[in-house]
Each structure stands twice: as structure tokens, then as C-alpha cells.
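Colleague: Just dropping this structure here.
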Amino acid sequence: METMPHILVIDDDREIRDLLARFLERQRFRVTSARDGREARRAWANGHFQLVVLDLMLPGESGLDLARWLRSEGNVPIVMLTALGEETDRIIGLELGADDYVPKPFNPRELLARIRAVLRRTGDGADRRVEPSGKGYRFGGWMLEPSRRRLLNPDGAEVALTGGEYDLLLALLERPNRVLTRDMLLDLLRGRQSGPFDRAIDVAVSRLRRKLEDDGRHAQLIKTVRGGGYVLSCAVERL
């Protein structure tokens, strides 16, 4: 049991909590459930989790507030559950560092696929893949170490990245000075079509720019190509 990825499911609907617990346990995950922010904080203090499934519509403390608190506690991957029509909340959730979202009502198998994809990206699942220790990228004074999933600023200090931010940066570093459309980036990062939520890439780029101290209006590292997409506009040295 200890080797199975441990997932915290936070949802005020008991049927959904029980359904997900039974389904995910059959898929060889450990599951702890919480119905609100108070129970979630208690569970967090008593366990170590590889991923959080978080409903945005919670009684009392909102899911967005809880996502903000979880992000302050560390870089645990977050998959949000959102009701249809909550696009603004989804955008805010992604800005807070959530790694993916699934709209309600949802198919448990779709949620399972998203969970596995996020765990692969973050390296926190049982199928963790370690990249060669000698591989790395130096760009604009910054350095990315894929073997440790670590970003170092020009002063050598580590800058924390979420799973989505890391994947976006790696996709850009592997294709420097090449315009990547939003659809291309969505395919590279999620392996699925953008659907009704094609602003996810814009949100992710904005978050990554802040981490890289690359002001959006005068961005020098990640530039916006009008009507095209984004381009990493600097020399990249592969180590």
C-alpha cells in the first residue's frame, strides 16, 4: 500500500467521494476523502499525498481558497472538478497553480486518465521516469535540470515550478526560437484537444513568465506572436 500513489479527494458530495474512492482504489491508488476545507487540512497534516482532486464548489471555505492554501504548502499536483459554466473560476484555479481540470458531470475514466497524465508529468506516480542526470538547459542566465525537475535563477537559487509550468518550460526549451501555436502547446502538454477552454495556455504562459521574472508587456524570454502563439526568444545551451 505504501508504494501506491496517495490521492486526497475533496468534495462535499458524499456519492462522488465514495464513487471516486472505490474506483481509484480498484486502479491501485490509496485514497483519503474530505468533505470540506476543515477535513482537508486535517487530512493534509496527517498524510503525504501525491495528488489532490479538488471540487471548486465547497461549503464554507471555497475550493479556490483551498487551492491557494495547498499551493502555499508545496507543489502537490491539483486536478480541479468544476461545474459547467465556471470558466472564470477555472482560469483563477489554473493561475493559482492547478495542473488540470475536469468539468462536472464527468466520466471517472476520464478523471483517471487526467490523474495518470499529471502524475507522469510531475514524476510523483508509480510510473515515475528518471531522465539522464547529465541533461540540462541553460538559457538567459537561467538553468533547468530535468533530472531533478529543478529551475535555478541567475543567482543559483531554486524557483519552484508546478508540474504544468515545468512541462511548458521544457516544451519551449526543446524548441527554441520556434513559434508554437496554442494548439501545438496543448497537444504537447496535455495530449488532447483544447475544447472550450483554449485560454489554459495563456494562463500557463503568464504564470511561467512571472516565475522567470519576464514581464508580460516587455517579455524578453517568452514572446507573444500576434495571431500565432509563443516563442522562446533566446539562445538555449543543452548540457
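The values are calculated or read from the model by the stated rules, or taken from the named source; none is laboratory data. For clarity, every value in this text was computed on a predicted model and none was experimentally measured. In this analysis, Cβ positions are derived from the backbone assuming ideal geometry, glycine residues included, and neighbour counts consider all displayed protein chains. The protein model used for the area step is the full one, side chains on, heavy atoms only, and it has no ligands, DNA or RNA in it. Shrake-Rupley method; radii C 1.70, N 1.55, O 1.52, S 1.80 Å.
Colleague: Search the structure for amide H atoms under 5 Å from the amide H of Tyr101, placed 1.01 Å from N in the peptide plane, and list their residues when 5 or more places away or on another chain.
Modeller: Correct list: Met80.
Colleague: Taking every DSSP beta bridge that has both residues in the chain, what percent is antiparallel when rounded to the nearest 5?
Modeller: The antiparallel proportion sits near 45 percent.
Colleague: Name the lysines eligible as straight-distance cross-link partners of Lys223: C-alpha to C-alpha under 27 Å, and not fewer than 8 places from it in the same chain.
Modeller: Straight-distance partners of Lys223: Lys135, Lys211.
Colleague: Sort out the exposed loop GluC sites (Glu not before Pro) in the chain (DSSP loop, at most 16 other Cβ within 10 Å) and tell me the longest stretch that has none.
Modeller: Longest site-free region, per DSSP loop and neighbour criteria: 62-173.
Colleague: While we're here: Expressed as a whole percentage, what fraction of the accessible surface of the chain belongs to carbon and sulfur atoms when a 1.4 Å probe is rolled over the protein heavy atoms?
Modeller: Answer for the chain is 46 percent, counting heavy atoms of protein chains only.
Colleague: Can I ask one more? 222 nm [θ] for the chain, helices only, -39500 (n - 2.57) per DSSP H run of 4+, per residue, to 500?
Modeller: When only DSSP H runs of four or more count, the value is -11500 deg cm²/dmol.
Colleague: Place +1 on the Cβ of every Lys and Arg and -1 on the Cβ of every Asp and Glu in the range 1-52, take the dipole about the Cα centre, and give the residue among Thr32, Gly47, Ala21 whose Cα lies farthest towards its positive end.
Modeller: Gly47
Colleague: With equal scatterers on the alpha carbons only and no solvent term, can you work out the Debye log10 of I(q)/I(0) for the chain at 0.11 1/Å?
Modeller: Each listed q maps to, in turn, -0.58.
Colleague: DSSP loop trypsin sites (Lys or Arg not before Pro) in the range 136-173 with at most 14 other Cβ atoms within 10 Å of their Cβ, which ones?
Modeller: Arg148
Colleague: Whole-Hz ³J(HN,Hα) for each residue in the range 51-65, computed from phi via Karplus 6.51 cos²θ - 1.76 cosθ + 1.60 with θ = phi - 60°, x for glycine and proline: what do you get?
Modeller: The phi angles translate into 6, 10, 9, 10, 7, 6, 9, 10, x, x, 5, 6, x, 5, 5 Hz.
Colleague: Can you compute the charge dipole magnitude of the chain about its Cα centre, using +1 on each Lys and Arg Cβ and -1 on each Asp and Glu Cβ, nothing else charged? Give it in debye, rounded to the nearest 20.
Modeller: So the dipole magnitude of the chain works out to roughly 660 debye.
Colleague: Rounding to the nearest 10 and keeping the result within 0 to 90°, find how far the Cα-based axis of helix 163-173 lies from the longest principal axis of the chain.
Modeller: Helix 163-173 and the main axis of the chain meet at about 20 degrees.
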